[in-house]
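Undergrad: Input: one structure, supplied below.
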Amino acid sequence: MRKCIPLKDAEVEMILAKDVKNDKGMILCSEGTPLTEELIDRFQQMEIASIYIESNKEMSPEEYLASRQKIEKRFAASSDQNSLLGKLKTVLLERLESPKGSHNDGE
């Protein structure tokens with residue numbers, strides 16, 4: 001599962017889950033790269049605010065319930081399962097219920 005964290009919380013050996021890009025869209029570092037002190041320092045100098053990292057942390061039952069309730073509340077007005085919002089709700093719930101909330105969407 002990928003997780004967005006503030007750069008200040010980054011630690012050595014964390015694995016990037018998404019390319020890190022500058023404000024012009026240039027790739028500074030590729031997905032799959034393990035973080036080093038030097039890399040973290042360079043991102044700080046370039047004023048990168050946050051990064052996506054790989055996370056193996058499983059969701060607690062409380063986190064799962066809170067996430068499910070947020071999805072249900074957000075899509076409460078959409079009762080038609082075939083509408084775009086209904087389909088989006090279904091995808092979000094399926095993703096939430098997949099093992100560890102993991103996905104393979106190639107982003």
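The values are calculated or read from the model by the stated rules, or taken from the named source; none is laboratory data. Since the structure is predicted, the reported quantities are computational estimates derived from the model, not experimental observations. Virtual Cβ from ideal backbone geometry, glycine too; neighbours counted across all protein chains shown.
Undergrad: Would you be able to say whether some residue in region 8-18 is within 13 Å of the chain's Cα centre (by Cα) and either part of a loop (DSSP other than H, G, I, E, B) or among the hydroxyl-bearing types (Ser, Thr, Tyr) (or both)?
TA: There is at least one residue in region 8-18 that is within 13 Å of the chain's Cα centre (by Cα) and either part of a loop (DSSP other than H, G, I, E, B) or among the hydroxyl-bearing types (Ser, Thr, Tyr) (or both).
Undergrad: Looking for something out of contact with any helix residue (DSSP H, G or I) (no Cβ under 7 Å at 6 or more places or on another chain), modelled with pLDDT under 90 and surrounded by fewer than 10 Cβ atoms within 10 Å (Cβ to Cβ) - is there at least one such residue anywhere in region 28-48?
TA: no
Undergrad: Does Lys24 fit the bill of being in contact with a strand residue (DSSP E or B) (Cβ under 6 Å, 6 or more places away or on another chain) and in a loop (DSSP other than H, G, I, E, B)?
TA: In short, no.
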